[in-house]
Amino acid sequence: MTDFPLLPEQASTIAQSVDTLYWVLVAISVFFTVLIFALIFVFAIRYRRRRPDEIPRPILGSLRLELFWSITPGIIAIAVFAYGTVVYFRNSAPPADAMEMFVVGKQWMWKIQHPEGHREINELHVPVGRPVKLVMTTEDVIHSFYIPAFRVKMDVVPGRYTTMWFQPTKVGKYHLFCAEYCGTEHSRMKGWVYVMEPVDYENWLSGKATTETMAAAGERLFQKLGCQSCHRADAPGRGPVLAGVFGSTVVLATGEKVVADESYLRESILRPQAKIVAGYRTLMPTFEGQLTEEQLLQLIAYIKSLGTRERIDTGP
Amino acid sequence: MSTVLTAPPVETKTNYLNESYGIKSWLLTKDHKRIALLYLAAITFFFAVGGFFAVLIRLELITPAGDLMQPETYNKAFTMHGVMMIFFFLIPAVPAVLGNFLVPMMIGARDLAFPRINLLSWYIYMVGGVFTLYAMVAGGVDTGWTFYTPYSSTYSNTQVMATAIGIFILGFSSILTGLNFIVTIHKMRAPGLTWFRLPLFIWAHYATSVIQILGTPVVAIAIVLVGLERAFRIGIFDPKLGGDPILFQHLFWFYSHPAVYIMILPSMGVISELVTCFSRKKIFGYGFVAMSSVAIAVLGFLVWGHHMFVSGQSVYAGMVFSILSYLVAIPSAIKVFNWTATLYRGSISYQTPLLYALGFIGLFTIGGLTGLFLANLAVDVHLHDTYFVVGHFHYIMVGGAIMGYLGGLHFWWPKITGRLYPEGWARLSALVLFVGFNLTFFPQFILGYLGMPRRYHAYPEEFQVLNVMSSAGASILAVGYIIPMIYLIWSMRYGKPAPANPWGATGLEWQIPSPPPSYNFEKTPVVTEEPYVYSHEEAQVV
Amino acid sequence: MSEHTAVAAVEHPAVLQHQFDDLEQQMDASTLGMWVFLLTEIMFFGGLFAAYTVYRAAYPEGFAAGSLRLDLMLGGLNTVVLIASSLTMALAVRAAQLGKRQDLVAFLSATLGLGLVFLVVKVFEYHHKYVERLIPGPNFFFDGPHAAQAHMMFCFYFAMTGMHALHMVVGVGLLTYFIAKARSGRYTAQYYWPVEVMGLYWHFVDIVWIFLFPLLYLIGHRGVH
């Protein structure tokens, strides 16, 4: 990098492709800007008024030219759209083997938890070369998780989960910003992403005081809240068996089918009556307002740890 | 357009300015020209207020540490800058001042269809302004002009209600102006003035009015819902109460994206008038320029989702909004190319209004092209909510809308006041503005791609050089705004008296004295030709 | 053209506004103005309807449960009242066109009366909701599994019927003004159209209610519960 960089560092697998697209757009923009400026400049000099009473011969227009300069920008626009959409979709779904981390935004800090249970605030340590998926939510207002060096950004919306993923390619220390205005200390809601060699990452993990993993914490919470009295592990009780429920397609009492993703689990814990699984009754109490966002994420991590497989839950 | 008058215009001594005197004759006037001047005074005031906050923002950002203001103060400053500039200056600027003054005159009418409603809309504007100023004095508001929920509905403890009420009220002023223009343009055109003989200024205002009447009520209801949620703690947008914060963004941008076109379309209309007049030529491709305004108005309603690519909306929705946004490039390109082609083989005179027009074309081109980056899904993920967006919309709003407004104000100033402004100073200030503008906002594109988020009160040190450039540019820009304010006010008293048609322009407004008499036309004119006929020579085929 | 203007101006010195060439142009402009205004109103209510649709689709049970607490009788009564008022309004326009001053005043008064009946019934309904603690806010109380969603349903109920009632109040004010003017003989067979333009507004407000009634009152009564 020179002293006057035009780009942030390229530190993720997608940075390169986004930057290439960016330069293509810059080239198109420069071409048309120069074209228009040059035409204006040349016409303004060449056809300047030479006599005060000069009246030029009128030109009505030209259908051929009109079509030319409607269709050409149209084609360029569609081509750039297609290019951008391809790059976007190629990178939109995280790889299956991505390590999962949990992010909770809060005025004005980022709380991050690793699956192993380590917690960080305004810092995110990740190993180089491994895809990382972030499951994110917020306790209060909308925030936006933004790492310029990775060219990724995603809003963090209260009441639901959003996800994003990246795969770091370069060891280093990179900015982490909140990009969605979130109140007084918005500009201080930032931190650092540390991309480390896998060995260093392992050392970093083991160097921290060992806490229980998220799934273990979730299991403890599961028992403390008495969930297991209905959601039994072996056979269907008053509530559905949760083993393997994550990622499966659930048939609801209304006949509707939904995929049991993070948002579904979240809603079913907070507002159980909203989507009742076919064959079960509305017995579960609501946990709205009784669980923190982190506890919710732990419960979800626990349910996920019970296994994910494709199946149809048809009830008891 | 050249017209056949049943009798030559009689030079009258009384005009709309000196027909009656006293504050009451102004505050109770139903004359569209006087109402235009009431608006001119009001929006200039709000522009100054908005400009003051811009100065605060640029001063704060000279250094990376947030050392000049408290974060609360900074957040209020950029919110008030946005609210004042967008709702109280840019949206009314060209329609309410130039449109009000010119729409009846350009179509050969004595006034707008509903003069009382026109005056009412000015009062509504002022009442909205009073509420918003009250909010400012009573502690300010810190939600950003976008009022995103749930921050605005639940978390912010600033004057959200007063500001929301102000903007809600203001909306009606905009709706009533649009309604008045639509009815006037439909029903009050002079005999012979068919739709395709209308000046392009009128086409642009027609398209703008359609957006105003269709879009404004939607943002009004969104603001009402935010207000209800704040006042009664009911859950429409707050997820804690079962609401959906993203729905607010949909309702907000359904209006606020078309609102961008409310700001830029009238200026585009101005540019069509200026380019033809100062090259003494028919506009190249009249039909295409007219219809592209309509196309922009229609497409403008279909692209709001491109503000929400990273909000968590479905990727397929993002794709649809992306391609629709790209389609806006086509009518925009048509306009730019046709203006440029109008210069070809013209007789170009470098007077101030044309300098503004050329500045507009150049800056709008850059503003429009940078829009390609933001409509692009992959690139927008990186650029969303960074300074790139700030740079982009200032190129459209300041480089586009304000350049067009100032160009139009200079062009019709002799008609409005009956006085000429000092040409040398005017050219100088146009140049200063162009330079200052680019220096202020071009660095922001680079800042944005480097990753500096917008609405940051303090920022990492590596962004300082570009921020200092931007602040330096802003100080030049400020000079560029102050010079015209001084000489235009000076010229009202000391300027040389203006003839009826100082630029040798076509158009009905130039057929009547400067300043015009109260009823505009002694006799209703009859139009026999298309607009912009500078020469009766047979038109050349290219 | 100007000749025409002069004649028209002599005939109706009081009603022709200076910016118009003749009364016909003035009538066209006023009528179009009202249509454009109603377009704005459609967008205004459209925003509310859109938000309503989003939440109703998200929480169908809660909305149905909330709807069951609305008074179908009173809502139905009000629907009948408003439809009747549209009829009397149409008859008023007819009377204005024919220049029948007595009839005009009578029909406008009938419309006004029906409008007031609507508002009085609405006040009773709101009062019941207050007694039953169904006013959204901290005092809201709803017995059942979908309390939070029913709360939202009532937010929309009050926002939508409140906005509608506000339009009714404006309409009642307009009617009062028009009755006073009609009594003094302001409207003639040539200058009847202000009544017609006002009628457009009244019919529009009625139509909004025709949409509100099924959306709010009837969704709980689909037979599935």
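The values are calculated or read from the model by the stated rules, or taken from the named source; none is laboratory data. It should be emphasised that the depicted structure is a prediction, and the values quoted were computed from it without experimental measurement. FYI the Cβ positions are ideal-geometry reconstructions off the backbone, even for glycines, and counts take in every protein chain you see.
Is it fair to say B:VAL226 is among the aliphatic types (A, V, I, L, M), in contact (Cβ under 8 Å) with a residue 12 or more places away in the chain and within 14 Å of chain A (Cβ to nearest Cβ)? Judged against the criteria, B:VAL226 is a match. When the range B:229-243 is filtered for residues that are surrounded by 24 or more Cβ atoms within 10 Å (Cβ to Cβ) and either more than 13 Å from chain A (Cβ to nearest Cβ) or not small (Gly, Ala, Ser) (or both), the ones remaining, listed by number, are B:GLU229, B:ILE234, B:ILE236, B:PHE237.
Of everything in the range B:194-223 that is assigned to a helix (DSSP H, G or I) and touching a Pro at 6+ places or on another chain (Cβ under 7 Å), the residue that is nearest to the other protein chains (Cβ to nearest Cβ) is B:GLY215.
Considering only residues in the range B:345-368 that are more than 9 Å from chain A (Cβ to nearest Cβ) and of a type in the set (S, T, N, Q), the one that is surrounded by the fewest Cβ atoms within 10 Å (Cβ to Cβ) turns out to be B:GLN351. Residues that are assigned to a helix (DSSP H, G or I) and over 30 Å from B:THR506 (Cα atoms) do occur in the range B:358-366, at least one of them.
Any residue at all in the range B:132-147 that's of a type in the set (A, V, I, L, M) and under 21 Å from the mean Cα position of the chain (by Cα)?
yes
Of the residues making up the range A:184-200, those that are outside any loop (DSSP other than H, G, I, E, B) and within 14 Å of chain B (Cβ to nearest Cβ) number 6. A:MET284: within 14 Å of chain C (Cβ to nearest Cβ), of a type outside the set (Ser, Thr, Tyr) and either under 23 Å from C:PRO145 (Cα atoms) or within 25 Å of the chain's Cα centre (by Cα) (or both), yes or no? Criteria met by A:MET284. Taking the listed residues B:GLY140, B:GLY108, the one that is outside any helix (DSSP H, G or I) and surrounded by fewer than 21 Cβ atoms within 10 Å (Cβ to Cβ) is B:GLY140, with no other qualifying. The sole residue among A:GLY61, A:GLY84 that is touching a Gly at 6+ places or on another chain (Cβ under 8 Å), at the interface with chain B (Cβ under 8 Å from one of its Cβ atoms) and crowded, with 16+ Cβ neighbours inside 10 Å is A:GLY61.
Flag set for B:HIS394, criterion: touching a Phe, Trp or Tyr at 6+ places or on another chain (Cβ under 6 Å), within 25 Å of A:GLU180 (Cβ to Cβ) and more than 14 Å from chain A (Cβ to nearest Cβ).
Among the residues of the range B:381-391, those identified as within 10 Å of another protein chain (Cβ to nearest Cβ) and of a type outside the set (A, V, I, L, M, F, W, C) are B:HIS382, B:HIS384, B:ASP385, B:THR386. Restricting attention to the range B:438-484 and to residues that are of a type in the set (D, E, K, R) and surrounded by 20 or more Cβ atoms within 10 Å (Cβ to Cβ), the residue that is farthest from B:HIS392 (Cα to Cα) turns out to be B:ARG455. For the range A:121-131, the tally of residues that are crowded, with 17+ Cβ neighbours inside 10 Å and either at pLDDT below 90 or farther than 15 Å from A:LEU176 by Cα (or both) stands at 3.
For A:TYR181, the conditions (1) touching a Pro at 6+ places or on another chain (Cβ under 7 Å); (2) part of a loop (DSSP other than H, G, I, E, B); (3) within 12 Å of chain B (Cβ to nearest Cβ) are fulfilled apart from (1). Per this entry, A:VAL157 is not counted among residues that are closer than 24 Å to A:LEU297 by Cα, more than 10 Å from chain B (Cβ to nearest Cβ) and either out of contact with any Gly (no Cβ under 7 Å at 6 or more places or on another chain) or surrounded by 21 or more Cβ atoms within 10 Å (Cβ to Cβ) (or both). Among the residues of the range B:369-380, not one is more than 9 Å from chain A (Cβ to nearest Cβ) and crowded, with 24+ Cβ neighbours inside 10 Å. Residues that are closer than 30 Å to B:LEU363 by Cα, at pLDDT below 90 and out of contact with any strand residue (DSSP E or B) (no Cβ under 8 Å at 6 or more places or on another chain): does the range A:66-74 have at least one? Looking through the range A:66-74, none of the residues is closer than 30 Å to B:LEU363 by Cα, at pLDDT below 90 and out of contact with any strand residue (DSSP E or B) (no Cβ under 8 Å at 6 or more places or on another chain). Among the residues of the range C:176-197, how many are crowded, with 23+ Cβ neighbours inside 10 Å and within 18 Å of the chain's Cα centre (by Cα)? Within the range C:176-197, residues that are crowded, with 23+ Cβ neighbours inside 10 Å and within 18 Å of the chain's Cα centre (by Cα) number 2.
Exactly one residue among C:ASP103, C:ASP21, C:ASP71 is over 30 Å from C:TYR217 (Cα atoms) and either within 14 Å of chain B (Cβ to nearest Cβ) or in contact (Cβ under 8 Å) with a residue 24 or more places away in the chain (or both), and that residue is C:ASP21.
In the range A:137-146, of all residues being more than 7 Å from chain B (Cβ to nearest Cβ) and surrounded by 24 or more Cβ atoms within 10 Å (Cβ to Cβ), the one that is nearest to the chain's Cα centre (by Cα) corresponds to A:PHE145. All but one of (1) in contact (Cβ under 8 Å) with a residue 12 or more places away in the chain; (2) in a strand (DSSP E or B) hold for A:GLU120, so report the exception by its number. Answer for A:GLU120: the failing condition is (1). Within the range A:127-155, being more than 16 Å from B:GLY448 (Cβ to Cβ) and in a strand (DSSP E or B) holds for A:PRO127, A:VAL132, A:LYS133, A:LEU134, A:VAL135, A:MET136, A:THR137, A:THR138, A:HIS143, A:PHE145, A:MET154, A:ASP155.
Determine if the range A:19-39 includes at least one residue that is assigned to a loop (DSSP other than H, G, I, E, B) and surrounded by fewer than 16 Cβ atoms within 10 Å (Cβ to Cβ).
No, the range A:19-39 has no match at all.
Of all residue pairs spaced 6 or more apart or on separate chains, those with beta-carbon atoms under 6 Å, a first member in the range A:189-208 that is within 30 Å of B:ARG454 (Cα to Cα) and a second member that is polar (S, T, N, Q) are A:GLY191/A:ASN122. Condition check for A:LEU205 on (1) surrounded by fewer than 18 Cβ atoms within 10 Å (Cβ to Cβ); (2) within 14 Å of chain B (Cβ to nearest Cβ): one failure, at (2).
Of the residues B:MET319, B:MET263, the single one that is under 19 Å from B:PHE364 (Cβ atoms), modelled with pLDDT under 95 and in a helix (DSSP H, G or I) is B:MET263.
Conditions (1) away from chain A (no Cβ under 14 Å); (2) part of a helix (DSSP H, G or I); (3) surrounded by fewer than 22 Cβ atoms within 10 Å (Cβ to Cβ), marked per residue:
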{"site": "B:LYS33", "(1), (2), (3)": "yes, yes, no"}
{"site": "B:ALA41", "(1), (2), (3)": "yes, yes, yes"}
{"site": "B:LEU56", "(1), (2), (3)": "yes, yes, yes"}
{"site": "B:ASN75", "(1), (2), (3)": "no, yes, no"}
{"site": "B:PHE78", "(1), (2), (3)": "no, yes, no"}
{"site": "B:PHE87", "(1), (2), (3)": "yes, yes, no"}
{"site": "B:VAL97", "(1), (2), (3)": "yes, yes, no"}
{"site": "B:PRO104", "(1), (2), (3)": "yes, yes, no"}
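So which residues in the range C:97-128 are of a type outside the set (Phe, Trp, Tyr), under 22 Å from the mean Cα position of the chain (by Cα) and more than 18 Å from C:VAL80 (Cβ to Cβ)?
The answer is C:LEU104, C:VAL105, C:ALA106, C:LEU108, C:SER109, C:HIS127.
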